[in-house]
Amino acid sequence: MPPHVLRAVFVAGSKNGDLNCPACKTPCELQDGGVSELKDNFYMSSLVDLVVERRKLASGQDRVCELCEDKEVSHFCTECRQYLCVNCERTHGKIKATRSHKVRLISDLNEPEVERQSIAEHDVNCPTHPESKVQFYCDTCQVPVCIACTVVDHRVPEHAHRYLSVAADEYAVQLKDTVTKLKLKEDCIDTNMTAVKKWRDKIHSLFDQEKEKVNSKAEELVQSVRNEQQRLVKELHNGRDARIKETDILIEEFEFNHTSVNSARNYAETLLNHANPVQLLSTRPEVTRRTDELLKIIDKWEEPVDGVEFDEAASDANLGRIKADACVKKCLIENFPKTVWKGDKTCLIIRTRDARGNDVIPRQILNGTLNKPNGEVVHLKFSNNYNGTLSTIFRADVEGKNSITVTIDGQAVPGSPFAFPTRTGLVRTIGNRGNGKGEFNRPSGIARDSRGNIAVADTDNNRVQIFNEALVFKDVITFPNFKNPFKPRDVGISDDNTYFMTDSGNNQVVVSKEGGQLIRCFGQDELKDPQGIAIHPVDDNVYVCSYRSNTVEVYTQDGERLRTLGSPGRGQVVLKSPYSIAIDSQGTLFVSNALEFGHVYGCDTLGKMAMESEKLEYPGGIAIHSDGCILVCNKSSFLFLRRVA
């Protein structure tokens, strides 16, 4: 087929003006010369010629010999492209100019192997000089040329030529490597495409599982929850559909890339196995460029970590709550303090009721202000407790007469504004020396539980005394049946109001309920004169100062020993007679060493030092202020130590 016909076939596969090769899918752009400027594909030209011949045979028309124009054809010369009868075929084989031609039986032309051989045997004439066969290869232009081309358009020294067979053999080696690379790329894309399809199936499974959870939970609720069930299921479907859409896009991309690579590989293999040198080299630039493009395709894919879960714990909050109008006249403040201490956080609770006096969750918005003696006004934010009460936390930081105003729909709650004094310094003193209720003999440690009760280690009275939030005596904890007298030095209280007391008389930690019911004792094997004790706010472990072993021992609340802090040679802070311990909200430990000219050390839970104070004279009790300062008892003085980072 003439080259211009092949170009027409090429253009027929284009879309919207873009040209795509029907063999390798390579996109091409038309130059200024239009279709006529496209390069000739000799292999495809030979293939088209063969198709034309096969169509002639398939037409069923009787054919006559193209030489004698008389006899029925029996052979076909693949080089002359002529049909021959038996006699002319013999003559054709005796003529010197044609005796080397390949002649095929008509009946064999439809055989695949003969078909491929026919393509390769097809003589290729130069498109510029049709009377000349292509015999050379121009390395400069990378095109097959004829002898006439070498002295006209491709003459030396501007162009370098060599025999076609030499160049073809060299390129065949490269093309073989190209086929191998394309096969690897094809396999990789196929593997990833399979993985994406499995992930798509997994997404269906995951979302189906979560959908089942939603349905199961919804069936346990009353009919009013059905609408919520449908919303949750729809949300799951939407989430699944969005992810399925993403995977479908990925699969489509992989399929497109797979098709492109597969097509290019098949084309390269066909060229390698069946094309003659002219056909082979004529496709070299396009195949090389297309191969480079395909080998750059990203073929990596990792399963996203993209799992889903239905949270049953949060479902109840989504069902909504009943709200009603609160009657301002029926609302009241339940726990307004008579006195507020400067700098302390105070919780204010507002009870909201309807006109009949029933507790309700109000539809209205509560507003509150803290009015300070210096004229400053602080707006308070209320949190709904969803039990008929709202609460706010405020801090009075100016000494003198403060007040709080609470309004609902612009109306003041009865008694508002509520005035209260804010005080600093010593407020009151409780107890005196003795062994009666509320009396002390060497009090050494103190702690406060979540109910506001205060526990005091009354050491030489061999007991721990409990006072309520108003500092009124409430109870006493004592253990008269211990081997040695109970000598409480300090008290730590857990979140569930379990008491942990150091007992220096028996070298142990005593654990009990608030009422004194003994739970367990631990630490007898390693503690020596235990003093301070604290419970870590993060890991809930118990940290105990072992005064005479110069360590802090760490236990679980069940009494299991975890580790020892302060051991020399382990890269830890070195302790000398640790007396008191406190832990800040970030979990940093602060330990006071009671020896003369001791220090306060800050360290992490593994004993690595974070802070060291200046030398102090007999540092004792230690606590953490709300602003992050460390409070230390230093013999006869009371110190504030700013924490050092």
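The values are calculated or read from the model by the stated rules, or taken from the named source; none is laboratory data. It should be emphasised that the depicted structure is a prediction, and the values quoted were computed from it without experimental measurement. Please note: Cβ atoms are built from the backbone with ideal geometry, for glycine as well, and neighbour counts cover all protein chains shown.
Counting only residues that are within 17 Å of Ser567 (Cβ to Cβ), buried (at least 21 other Cβ atoms within 10 Å of the Cβ) and among the hydrophobic types (A, V, I, L, M, F, W, C), how many does segment 598-614 have? Within segment 598-614, residues that are within 17 Å of Ser567 (Cβ to Cβ), buried (at least 21 other Cβ atoms within 10 Å of the Cβ) and among the hydrophobic types (A, V, I, L, M, F, W, C) number 1. Gly343 meets each of the listed conditions (1) in contact with an Asp or Glu (Cβ under 8 Å, 6 or more places away or on another chain); (2) free of Cβ contacts under 8 Å to residues at least 60 places away in the same chain; (3) part of a loop (DSSP other than H, G, I, E, B) apart from (2). Scanning segment 564-596 for residues that are at positive phi and surrounded by 14 or more Cβ atoms within 10 Å (Cβ to Cβ) yields Gly566, Ser577. State whether the residues of segment 569-576 include one that is at pLDDT 85 or above and outside any loop (DSSP other than H, G, I, E, B). No, every residue in segment 569-576 fails to be at pLDDT 85 or above and outside any loop (DSSP other than H, G, I, E, B). The lone criterion from (1) under 30 Å from Thr392 (Cβ atoms); (2) at pLDDT 90 or above left unmet by Asp449 is number (2).
Kindly indicate whether Cys146 is at pLDDT 90 or above, under 25 Å from Leu272 (Cβ atoms) and over 60 Å from the mean Cα position of the chain (by Cα). Give the steps one after another, and end with the answer.
Numbers: at pLDDT 90 or above: yes; under 25 Å from Leu272 (Cβ atoms): yes; over 60 Å from the mean Cα position of the chain (by Cα): yes.
It is true that Cys146 is at pLDDT 90 or above, under 25 Å from Leu272 (Cβ atoms) and over 60 Å from the mean Cα position of the chain (by Cα).
Among the residues of segment 530-563, the one identified as buried (at least 20 other Cβ atoms within 10 Å of the Cβ) and free of Cβ contacts under 8 Å to residues at least 24 places away in the same chain is Ser549.
Which residues, taken from segment 140-157, are in contact (Cβ under 8 Å) with a residue 60 or more places away in the chain and either small (Gly, Ala, Ser) or assigned to a loop (DSSP other than H, G, I, E, B) (or both)? Spell out the reasoning first.
Here is the first cut: in segment 140-157, the ones in contact (Cβ under 8 Å) with a residue 60 or more places away in the chain are 142-144.
Hit for segment 140-157 is Gln142, nothing else.
Answer yes if at least one residue in segment 418-428 is of a type in the set (A, V, I, L, M, F, W, C), within 46 Å of the chain's Cα centre (by Cα) and assigned to a loop (DSSP other than H, G, I, E, B), and no otherwise. No, every residue in segment 418-428 fails to be of a type in the set (A, V, I, L, M, F, W, C), within 46 Å of the chain's Cα centre (by Cα) and assigned to a loop (DSSP other than H, G, I, E, B). When Thr498, Thr422 are checked against the criterion of being modelled with pLDDT of 90 or more and hydroxyl-bearing (Ser, Thr, Tyr), a single residue qualifies: Thr498. Is there a residue being charged (D, E, K, R) and assigned to a helix (DSSP H, G or I) anywhere in segment 158-168? Looking for residues that are charged (D, E, K, R) and assigned to a helix (DSSP H, G or I), one finds none in segment 158-168, hence no.
Restricting segment 66-103 to residues that are out of contact with any helix residue (DSSP H, G or I) (no Cβ under 7 Å at 6 or more places or on another chain) and among the hydroxyl-bearing types (Ser, Thr, Tyr), the residue that is modelled with the highest pLDDT is Thr91.
Would it be correct to say that Gly436 is within 19 Å of Gly516 (Cβ to Cβ), part of a loop (DSSP other than H, G, I, E, B) and touching a Lys or Arg at 6+ places or on another chain (Cβ under 6 Å)? No, not satisfied. Consider segment 365-417. How many of its residues are in contact with a strand residue (DSSP E or B) (Cβ under 9 Å, 6 or more places away or on another chain) and outside any loop (DSSP other than H, G, I, E, B)? Total satisfying the criteria: 29. For Val156, the stated conditions do not hold, so it cannot be described as exposed (fewer than 13 other Cβ atoms within 10 Å of the Cβ) and at pLDDT below 90. Only one of the listed residues (Gly388, Gly375) is at positive phi, surrounded by 13 or more Cβ atoms within 10 Å (Cβ to Cβ) and not acidic (Asp, Glu). That residue is Gly388. Scanning segment 104-143 for residues that are within 15 Å of Glu79 (Cβ to Cβ) and at pLDDT below 75 turns up Leu109, Val114, Gln117, Ser118, Ile119, Ala120, Glu121, His122, Asp123.
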